[in-house]
């Protein structure tokens, strides 16, 4: 295979400091993998999340060098030897798809990329003080979202309940769906009591109420919770089909949330979907702070999965220095407008 490969680091800058379970973020590190063959270029994003990705390791860049040195061995060989580096698997997959596509960025042609259909998504409310979060809620409601996702666990629980109540007092559950994400903030002793209190607001689900890594405690919680539970961080670092199946059989959650950058790209995501459907567990797909390179790939893949639930996607509007893309949100739906991709060559030249 006569293909050249190179990689480079890129720092995305947030427009506003954004609160997460890992603290306040002002910038996000990512890595781009660029392939070139016969005058055609392809790009993939290795979207590591420091402090969360299982491949947040000292030898991360060394592994990227290995990918570039051994690119001639082909995609399948590389992916089979990158199990411990799921974000690099995602970058390799998308780079090859990009290289093989006719226009670099249309990786999965569909009615979505033709701009004749859209993806239902949730409106994400970032962590912060009560007034900051309430302002975001009002903005999302005005923008026409029918599903609102609240990050909780950062401020006093009573204040977070007041925010949930604020939405529910305005809209019933059949008009506005509310999801909450605790990012493991509850202790095992307090979790059930808090879920019981939250359940009175007719929430859709809660993500990761307790910290990942305690499967027995999570299994017990899922079996008695009055509020459906979705696993998120619990899936990170679970590599093989046998490990995935064992986790789902042990915990038996109501939902799982799939982030391709964290669970081994599209191949890893597809394996989780197959197992979830086998065990009648609901699922949806979420981005994980990728640039528009990765987000574009995830959105196109997600559309093909034909899941009508609101997905956790956006437009990459968080950053000041993102590549321009055709992703736009209208009335809580993600559209691919086809006409806004920044010139690929200019983008590569500007950041390398």
Extended-chain gain in nm, criterion 0.36 nm per residue less alpha-carbon gap, residue 306 and residue 274: 10.2 nm
Helix-only [θ]222 nm of the chain, DSSP H runs n ≥ 4, -39500 (n - 2.57) each, per residue, nearest 500: -11000 deg cm²/dmol
Residue order, fewest to most beta carbons within 10 Å, for 127, 133: 127, 133
Compute the Rg/Rh shape ratio of the chain: radius of gyration over Kirkwood radius, all on alpha-carbon atoms. 0.96
Separation in nanometres of the label points that stand 7 Å from Cα toward Cβ, at residue 239 and residue 175: 5.0
Listing 175, 11, 137, 148 from the residue with the fewest other Cβ atoms within 10 Å to the one with the most, what is the order? 175, 11, 137, 148
Multiply the residue gap between residue 104 and residue 267 by 0.36 nm, knock off their C-alpha separation, and tell me the result in nm, one decimal place. 56.7 nm
For the chain the mean separation of alpha carbon contacts under 8 Å (6+ apart) over residue count, i.e. relative contact order in percent, is 19
Counting other beta carbons within 10 Å of each Cβ, put 222, 46, 68 in order, fewest first. 68, 222, 46
Length gained if residue 117 through residue 317 is fully extended, taking 0.36 nm per residue and subtracting the Cα-Cα distance, is 69.9 nm
Placing each pseudo-label 7 Å from Cα in the direction of the beta carbon, residue 27 and residue 66 end up separated by a distance in nanometres of 2.8
Taking the DSSP beta bridges in the chain as the whole, what percent of them are antiparallel, to the nearest 5? 60
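Values quoted throughout were computed directly from the atomic coordinates according to the rules given, and no laboratory measurement underlies them. Keep in mind that this is a model prediction, so the values were computed, not measured. Cβ atoms come from the backbone with ideal geometry, glycine included; neighbour counts cover every protein chain shown.
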